[in-house]
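Novice: Take this structure, written in structure tokens, and hold onto it; I'll ask about it next.
The values are calculated or read from the model by the stated rules, or taken from the named source; none is laboratory data. Keep in mind the model is a prediction, meaning the values are calculated, not measured. So basically every Cβ, Gly included, is an ideal-geometry build from the backbone, and we count neighbours across all protein chains shown. With ligands, DNA and RNA removed, areas are computed over all heavy atoms of the protein, side chains included. Shrake-Rupley method; radii C 1.70, N 1.55, O 1.52, S 1.80 Å.
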Amino acid sequence: MNGFFGQALTAGKEWPRRDLESVTGAISYEQKSASLELVFKQQVFGGQRQNTEVNGDKAWTVGPDGPVPQLASAEERQLQIWMTPHGFIRAAMAAGNATVKSRTENGKKVNVVSFTAMNKFKLDGTIDSQGMVTKVETKLPNPVLGDMPYVFTYSDYKDFGGVKFPTRIVQTEGGFPVNEFTITGVQPNSAVNLPVPANVQSATVPPVRVESSKIGDAVWFVGGGSHHSVVVEFHNFITVIEGPLMEERSMAVIAEAKKLIPNKPIKYLVSTHHHFDHSGGLRTYVAEGSTIVTHASNKPYWEKTFTAPATMVPDAQSKARRKPIIQGVTDKYVITDGKQSIEVYNTTGDSHTDELLIAYIPSAKVLVEADSYSPGPPNAPAPNPVPPNALVLYDNIQRLKLNVSTVVGIHGRGPVPMDEFKKFVGKN
């Protein structure tokens, strides 16, 4: 199975499990390259087949249209090579400064080998009395969890052509499984060659880009990436709706907000839900001194993660060390200065998460939502069937009696007329 990392239904619970039909991996330790292909039993986000590859500092996925650069993933995929049993041993021997400590686990003596890999990651590998690597653990920087536990365990070793290899592999991130594999076949010392595709070789990491446009009186849409935000001006403060992805994105949005609205603090950040791609920038707003408006069920989780150490990649919150201010929402919460207001509502019936909020700005008749509806190209044909969560969003708008003129999806092309959304769900 594969766990959908960062996408739990409830904050703090395990990653949703997705059954696998097969898994095929290849590693070249000399080339420092690896590939991993997962085939899912059902259609999942990103398709039924997922193929990730890495060679040195270049990473990419292979999709139906060919290789797609994913340079930001190269470091983690390289780390995974040295966390395999044979990779760990090779890296420990090459490190030259590995230490060994003995301890007892479950009544049996084991050795723990420790060293620093890639000049950054402290690896601890447990080796049993048979000389088999049973666990490799380290920490990985994460914009939500800070220094995140990253643990691979190995068991049930068998001989494959003279090479022993585990037939049971469990990989966890942030305390929950992201992969559980049962290995049925291994081909040791096979020829593995994963050349870097030309478009990946020439690719560079794109800079964070923000583009703002006014969508109402004192209301701006801030796009320019895969995830958007909305900035709202009040009499003596600013509110930002959604803090996605990572600190770099939040810093850029904060700078744009202060450019649009000078000399006012960002008092509130409204978060639609806890999924990591939508909350990776929240720690930045905590450091800014903003109150985080979120579903009430998220409060204990955010109190823990907003104060988690982030020493591997220090962020603004690890330096500011601010005590988080969190405003929980059960049914409705209103941010107002007596003239401008944002009404934050809890939705019901959505299957994407257990705690999805929407934000309505009455003065502009603007509704901000995430993941229920992501507007596609203009004049795109209506889907058949209609996505269930889009219908749930429409039903919630009717239930709450909101007078919406414009719908802003956190994903998609940006603000669209309510009539376009009605057409999308077949309600026009």
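Novice: For the range 115-137, what are the residues that are in a strand (DSSP E or B) and under 18 Å from ARG103 (Cα atoms)?
Specialist: Once the filter is applied, which keeps residues that are in a strand (DSSP E or B) and under 18 Å from ARG103 (Cα atoms), the range 115-137 yields PHE115, LEU123, ASP124, GLY125, THR126, ILE127, VAL133, THR134, LYS135, VAL136, GLU137.
Novice: Pairs needed: first member in the range 183-211, within 30 Å of GLY225 (Cα to Cα); second member anywhere, aromatic (Phe, Trp, Tyr) and surrounded by 11 or more Cβ atoms within 10 Å (Cβ to Cβ); C-beta distance under 7 Å; at least 6 residues apart or different chains.
Specialist: That search, which allows pairs on different chains as well, returns PRO197/TRP60; VAL200/TRP60.
Novice: Do you know which of the residues in the range 216-243 that are in contact with a strand residue (DSSP E or B) (Cβ under 8 Å, 6 or more places away or on another chain) and charged (D, E, K, R) is farthest from TYR285 (Cα to Cα)?
Specialist: Per the criteria, the residue is GLU233.
Novice: If I filter the range 69-112 down to residues being among the aliphatic types (A, V, I, L, M) and either in contact with a Ser or Thr (Cβ under 6 Å, 6 or more places away or on another chain) or without any contact (Cβ under 8 Å) to a residue 24 or more places away in the chain (or both), which single residue comes out as most open to solvent (accessible area, probe 1.4 Å)?
Specialist: The qualifying residue most open to solvent (accessible area, probe 1.4 Å) is MET93.
Novice: Which residues, taken from the range 6-30, are outside any strand (DSSP E or B) and either open to solvent by 60 Å² or more (accessible area, probe 1.4 Å) or of a type in the set (Gly, Ala, Ser) (or both)?
Specialist: Across the range 6-30, the qualifying residues are GLY6, ALA8, LEU9, ALA11, GLY12, LYS13, GLU14, ASP19, GLU30.
Novice: Any residue at all in the range 40-60 that is acidic (Asp, Glu), closer than 30 Å to HIS274 by Cα and open to solvent by 30 Å² or more (accessible area, probe 1.4 Å)?
Specialist: No: the range 40-60 contains no residue that is acidic (Asp, Glu), closer than 30 Å to HIS274 by Cα and open to solvent by 30 Å² or more (accessible area, probe 1.4 Å).
Novice: Which one of these does VAL144 not meet: (1) closer than 30 Å to GLY243 by Cα; (2) out of contact with any Pro (no Cβ under 9 Å at 6 or more places or on another chain); (3) in a strand (DSSP E or B); (4) not charged (D, E, K, R)?
Specialist: (3)
Novice: (1) open to solvent by 20 Å² or more (accessible area, probe 1.4 Å); (2) outside any loop (DSSP other than H, G, I, E, B); (3) among the β-branched types (Val, Ile, Thr): which one isn't true of ILE169, the others all being true?
Specialist: (1)
Novice: How many residues are touching an Asp or Glu at 6+ places or on another chain (Cβ under 8 Å) and among the charged types (D, E, K, R) if we restrict to the range 186-242?
Specialist: 0
Residues checked against (1) out of contact with any His (no Cβ under 6 Å at 6 or more places or on another chain); (2) on the phi < 0 side of the Ramachandran plot; (3) in contact (Cβ under 8 Å) with a residue 40 or more places away in the chain:
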residue	(1), (2), (3)
LYS32	yes, no, yes
SER35	yes, yes, yes
PHE40	yes, yes, no
PHE45	yes, yes, yes
GLY66	yes, no, yes
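Novice: Same structure again: Is it true that TYR345 is part of a strand (DSSP E or B), open to solvent by less than 50 Å² (accessible area, probe 1.4 Å) and at pLDDT 95 or above?
Specialist: Against the criterion (part of a strand (DSSP E or B), open to solvent by less than 50 Å² (accessible area, probe 1.4 Å) and at pLDDT 95 or above), TYR345 qualifies.
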